[in-house]
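**Q** Pasting a structure below so you can have a look.
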Amino acid sequence: RCIFAELNQDRSVRCGCYKYLLIDNQDANGNSDTYKKGTKHDYSVELENLFDLCNGTTEYVTEKTNNMEENGKDVSSANPSETETYKQLLQCHVDRTSPQDPTGYDAC
């Protein structure tokens, strides 16, 4: 089961222990609140991010002092096939929920 989210033009999908985050732009004056908040709080602000919210285990990391989205914890380059899977899943969701095609709400 997956959860899809959006904020302005930024998009994310979370399935199990992984969260894939696609940031629209890295312009400090742009429309990405994710980028602005990320730079302020030292989160990863790469355009494409994959986070392992369980840190290699099967349980979510819940300690407030160990944020799995901090700068340096993006695992997308170490997991290219996993990253591509989530990228395609997110794109499928975006395509199927397009306001231009209100009939395309099939599962991805």
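Just so you know, all these numbers are worked out from the coordinates, no wet-lab data involved. Remember, predicted model here, so these are calculated numbers, not experimental data. Quick reminder, even Gly has a Cβ in these numbers, built from the backbone with ideal geometry, and neighbours come from all protein chains shown.
**Q** How big is region 47-101 along each principal axis, measuring the range of its Cα positions in Å and listing the largest first?
**A** For region 47-101, the Cα extents along the three principal axes come out at 43, 23, 22 Å.
**Q** Report, by chain and number, residues whose modeled amide H sits under 5 Å from the one on residue 43, excluding near sequence neighbours (fewer than 5 apart, same chain).
**A** For residue 43, whose amide H was placed from the backbone, the distant partners under 5 Å are 71.
**Q** Please list 95-101, 76-82 highest first by mean number of surrounding beta-carbon atoms within 10 Å per residue.
**A** On the way: 95-101: 10.3, 76-82: 12.3.
Highest to lowest by the protection proxy: 76-82, 95-101.
**Q** Taking all pairs of different Cα atoms in the chain, averaging 1/r and flipping that mean, what Kirkwood radius in angstroms comes out? The partial results should precede the final answer.
**A** Working: mean 1/r = 0.0683 Å⁻¹.
About 14.6 Å for the chain.
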